[in-house]
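To start, the structure itself, in structure tokens.
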Amino acid sequence: MTKLEGAVGIIQSVNTADYTASVKFPEYNNQILDGLQILSPITFGNKITSIPKVNTPVFCIFLGDKTEKGYIIGSYFSDENVSNSQEDEYKIDFQGSSLTIKEDGNIELKGTLTKIDSEVIITGDTTIEKNMTVTQNVTISGGMSAKKGFETEKATLKNGKLDVQSIEYKEMSKK
């Protein structure tokens, strides 16, 4: 059986082309090892990638007696790097954006911009708490209500009063 050893280190640089990093090991006279493979939960077909930032504390394992076969198996939380997580949630927090999936089925997505590049079908009731801008057409197959009014470029409906800029009509002939 292959001998397995581990050590705590700090990311010094990252090579995103081959998913490796250089790691400094304070317990070993600050020795820096290059080309340590960053492990990921899924890498074939479906992929999960997470590149650690420089100065991220990591735990590494080494196979055999040589350090050439080293792997970064993950980072860890400490007093300096607190998780702020809850027991009943799965959370991805990245640069101020976050995805939280809770045990009760609720999903919370936070960010400055969320772009969905596919068709979206919403089967439940939807509440929009702020303004919505539509840059293309909207098709409404069911009814629509506007409790505080309705406005277009040429017409406004507020408090039961309809203001129209102009009306164009065609005369209809009787048949």
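Are any residues in segment 160-175 part of a loop (DSSP other than H, G, I, E, B) and either farther than 30 Å from GLU129 by Cβ or modelled with pLDDT of 80 or more (or both), and if so, which ones? Before the answer, list the steps.
Looking only at segment 160-175, we keep the residues that are part of a loop (DSSP other than H, G, I, E, B), and these are 160, 165-175.
Within segment 160-175, GLN165, SER166, ILE167, GLU168, TYR169, LYS170, GLU171, MET172, SER173, LYS174, LYS175 qualify.
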Within segment 116-135, identify whether any single residue is among the small types (Gly, Ala, Ser), without any contact (Cβ under 8 Å) to a residue 24 or more places away in the chain and closer than 30 Å to ASN55 by Cβ, and answer yes or no.
no
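I'd like to know if segment 15-31 contains one or more residues that are among the β-branched types (Val, Ile, Thr), touching a Gly at 6+ places or on another chain (Cβ under 8 Å) and within 30 Å of THR126 (Cβ to Cβ).
To start, the set of residues in segment 15-31 that are among the β-branched types (Val, Ile, Thr) comprises 16, 20, 23.
Now restrict to residues that are touching a Gly at 6+ places or on another chain (Cβ under 8 Å): 20, 23.
In the following step, the residues that additionally are within 30 Å of THR126 (Cβ to Cβ) were identified as none.
So far as segment 15-31 goes, no, none of its residues is among the β-branched types (Val, Ile, Thr), touching a Gly at 6+ places or on another chain (Cβ under 8 Å) and within 30 Å of THR126 (Cβ to Cβ).
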Test set (1) closer than 24 Å to LYS110 by Cβ; (2) in contact with a Leu (Cβ under 9 Å, 6 or more places away or on another chain) - GLY64 fails condition number
(1)
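Quick one: would you say LYS158 is under 30 Å from GLU89 (Cα atoms) and not β-branched (Val, Ile, Thr)? Working first, answer last.
Details: under 30 Å from GLU89 (Cα atoms): no; not β-branched (Val, Ile, Thr): yes.
No: the conditions fail for LYS158.
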For residues that are of a type outside the set (D, E, K, R), more than 17 Å from PRO52 (Cα to Cα) and outside any strand (DSSP E or B), scanning just segment 1-24, find the one that is farthest from the chain's Cα centre (by Cα).
MET1
Do we have any residue at all in segment 144-159 that's β-branched (Val, Ile, Thr) and in a strand (DSSP E or B)?
yes
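Looking at this structure, is ASP88 under 30 Å from LYS130 (Cβ atoms), of a type in the set (D, E, K, R) and out of contact with any His (no Cβ under 8 Å at 6 or more places or on another chain)?
Numbers: under 30 Å from LYS130 (Cβ atoms): yes; of a type in the set (D, E, K, R): yes; out of contact with any His (no Cβ under 8 Å at 6 or more places or on another chain): yes.
So ASP88 fits the description; yes.
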Filter segment 42-63 for residues that are of a type in the set (Val, Ile, Thr) and surrounded by 10 or more Cβ atoms within 10 Å (Cβ to Cβ); the one that is nearest to the chain's Cα centre (by Cα) is THR49
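The values are calculated or read from the model by the stated rules, or taken from the named source; none is laboratory data. Values in this document were obtained by computation on a predicted structure and should not be read as measured data. Quick reminder, even Gly has a Cβ in these numbers, built from the backbone with ideal geometry, and neighbours come from all protein chains shown.
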